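The values are calculated or read from the model by the stated rules, or taken from the named source; none is laboratory data. What you see is a predicted model; the values in this text were computed from it and never measured. Here the Cβ positions follow ideal geometry from the backbone for every residue, glycine too, while neighbour counts run over all protein chains shown.
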Amino acid sequence: MAHTHEHGRDHDHDHDHGAPHRHPPRADHDDRPVSYYQVMTTAVFELLIEKGVVTAAEVRSNIEAMDGRTPEQGARVVARAWSDPAFRGRLLADGTAACQELGIEMGPTRLVVVENTDQVHNLVVCTLCSCYPRMVLGRPPDWYKSRAYRSRAVREPRAVLAEFGTRLGDGVTVRVHDSTADMRYLVLPRRPAGTQGWSEEKLARLVTRDSMIGVAEASEAAAL
């Protein structure tokens with residue numbers, strides 16, 4: 001079950017946690033000992049090929065397709081929502097179905113789109129692992145998977161946002177959305193002022209991966 005944590009101005013987590021926490025550097029994967037799960041994954045992979053369930057070429061093709069997904073997919077979705085109020089309504093009602101309209105298949109994953117407004121700012125995290133809307137954003141960044149982000153995003157979201165350069169007014173409520181294995185979240189950022197009449201292609205250049213996770217806001221500076 002997905003959890004949404006709301007942090008309004010009356011609950012800002014002004015606790016003293018000592019020295020400020022930063023996202024810790026992550027060791028190179030090659031420097032780590034092979035884990036039990038990596039061994040099991042390799043064993044299952046080899047067994048499936050041996051039994052003829054899949055071929056190595058099919059697995060490689062799927063990996064390449066996954067690697068080819070980028071945040072540009074999500075940016076197209078956001079730009080369409082900014083330009084088309086009817087699509088925006090459908091996107092907020094059923095993110096999975098709306099993405100399919102643009103040729104983006106979400107598979108069995110339910111995509112929930114949450115909208116930033118002047119009063120509400122949304123932030124996405126997966127506290128248990130690193131569930132992420134890869135179909136629209138591609139691979140998750142290392143900091144999204146880090147233990148520091150996964151724990152602090154819920155406990156002190158304003159502090160985390162500030163570290164990304166996003167400082168919100170006291171009157172803005174922060175809502176933290178915890179992804180699950182079968183549910184992913186995508187933030188629909190606020191449309192920057194002064195962009196009326198822009199084409200979808202031009203608008204899409206304002207949308208970044210971080211703005212669709214919620215640690216940043218969309219701005220004209222993103223297109224520079």
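Restricting to the stretch 98-126, what's the tally of residues that are more than 16 Å from the chain's Cα centre (by Cα) and surrounded by fewer than 21 Cβ atoms within 10 Å (Cβ to Cβ)? Residues that pass the stated criteria total 11.
Filter the stretch 167-189 down to the residues that are of a type in the set (Val, Ile, Thr) and out of contact with any His (no Cβ under 8 Å at 6 or more places or on another chain) and list them by number. Give the derivation first.
Initially, the stretch 167-189 is screened for residues of a type in the set (Val, Ile, Thr), giving 172-174, 176, 180, 187.
Hits for the stretch 167-189 are Thr180, Val187.
As a summary of the residue check, Gly95 satisfies the conditions (1) at pLDDT 95 or above; (2) surrounded by fewer than 12 Cβ atoms within 10 Å (Cβ to Cβ) except for the one numbered (2). Scanning the stretch 194-218 for residues that are assigned to a helix (DSSP H, G or I) and farther than 11 Å from Ala79 by Cα turns up Arg209, Asp210, Ser211, Met212, Ile213.
Among the residues making up the stretch 131-147, none is in contact with a His (Cβ under 6 Å, 6 or more places away or on another chain) and free of Cβ contacts under 8 Å to residues at least 40 places away in the same chain. Taking the numbered list (1) within 12 Å of Val187 (Cα to Cα); (2) in a helix (DSSP H, G or I) in turn, Gly89 passes all entries but (1). If you go through the stretch 116-168 and keep only what is among the hydroxyl-bearing types (Ser, Thr, Tyr) and over 17 Å from Ala216 (Cα atoms), you end up with Thr127, Ser130, Ser146, Ser151. For the stretch 157-216, taking the residues that are in contact with a strand residue (DSSP E or B) (Cβ under 8 Å, 6 or more places away or on another chain) and of a type in the set (Gly, Ala, Ser), the one that is farthest from Arg147 (Cα to Cα) is identified as Ser211. Out of Arg152, Arg191, Arg184, one residue alone is assigned to a loop (DSSP other than H, G, I, E, B), of a type outside the set (Phe, Trp, Tyr), surrounded by 16 or more Cβ atoms within 10 Å (Cβ to Cβ) and touching a residue at least 60 places away in the same chain (Cβ under 8 Å). It is Arg191. Against the numbered list (1) out of contact with any strand residue (DSSP E or B) (no Cβ under 8 Å at 6 or more places or on another chain); (2) surrounded by 15 or more Cβ atoms within 10 Å (Cβ to Cβ), Cys129 comes up short only at (2). For the stretch 158-170, state whether one or more residues are modelled with pLDDT under 95, among the charged types (D, E, K, R) and more than 30 Å from Ser83 (Cβ to Cβ). Taking every residue of the stretch 158-170 in turn, at least one turns out to be modelled with pLDDT under 95, among the charged types (D, E, K, R) and more than 30 Å from Ser83 (Cβ to Cβ).
Which residues, counting only those in the stretch 140-149, are surrounded by 16 or more Cβ atoms within 10 Å (Cβ to Cβ) and of a type in the set (Asp, Glu)? Passing the criteria: none in range.
Tell me, which residue of the stretch 37-54 that is assigned to a helix (DSSP H, G or I) and at pLDDT below 85 is farthest from Ser146 (Cα to Cα)? Full working, then the answer.
Taking the stretch 37-54 first, the residues assigned to a helix (DSSP H, G or I) are 37-50.
If we keep only those that are at pLDDT below 85 too, we end up with 37-38, 41, 45.
Working: Tyr37: 18, Gln38: 18, Thr41: 22, Phe45: 26 Å.
Going through the qualifying residues, I end up with Phe45.
Yes or no: the stretch 161-180 includes at least one residue that is free of Cβ contacts under 8 Å to residues at least 60 places away in the same chain and part of a helix (DSSP H, G or I).
Yes, the stretch 161-180 has at least one match.
Within the span defined as the stretch 103-120, one or more residues are part of a strand (DSSP E or B), over 14 Å from Leu186 (Cα atoms) and out of contact with any Leu (no Cβ under 9 Å at 6 or more places or on another chain).
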